[in-house]
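J.: Take a look at the following structure, please.
FYI, it's all coordinate maths here, none of it is from the lab. Owing to the predicted nature of the structure, the values given are computational and were not obtained by experimental measurement. Because the Cβ atoms are built from the backbone with ideal geometry, glycine has one as well, and the counts that use them run over all protein chains shown.
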Amino acid sequence: MPLLFVSGVILRAYVAGQDKHQANNMLDLELEDGSVRAVGIYVNDREDVRLFRPGYKASVVYALDELKQQPAADGGVNYSKVALEMAVSLQSVI
């Protein structure tokens, strides 16, 4: 199964969705090429959400599960991204 590795510096952590009483569940990551990608926060312990702060580095590994409906809108392969692992640095990198 193909894997996708995404890593970058956290620009912001925020709540996506309508429930404003939940902890941050999304990040904007600045990747090495300067682009920005939104990714979900995945933790085993809800207390660990506080570790995801601007200036820290975060990485996530996704398994790419090929979907039945092909091709994707852009003509490529249509995948579902399944988060396997997420890590965050313990110190700011900027």
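J.: Taking only C-alpha pairs under 8 Å that are 6+ residues apart, what is the relative contact order of the chain in percent?
T.: 30 percent
J.: With +1 on the Cβ of every Lys and Arg and -1 on the Cβ of every Asp and Glu, and nothing else charged, how large is the dipole of the range 3-88 about its Cα centre, in debye rounded to the nearest 20? Numbers along the way, then the final one.
T.: Working: 9 positive and 12 negative charges, 51 e Å.
The dipole of the range 3-88 has a size of about 240 debye.
J.: Ok, one more. Quick one: grab Rg to one decimal and Dmax as a whole number for the range 3-94, Cα atoms only, in Å.
T.: That works out to 14.5, 42 Å for Rg and Dmax.
J.: Can you list which of the chymotrypsin sites (Phe, Trp or Tyr not before Pro) found in the chain are DSSP loop residues with at most 16 other C-beta atoms within 10 Å?
T.: The qualifying sites are Y42.
J.: Starting from the 7 Å offset along Cα-to-Cβ, what nm value, one decimal, do you get for the label separation of R46 and S7?
T.: About 3.1 nm separates the two model spin labels.
J.: Continuing with the same structure: Taking the simple approach of a point 7 Å from Cα along Cα-to-Cβ for both Y14 and A73, what is their distance in nm?
T.: Here the answer is 2.0 nm between the modelled labels.
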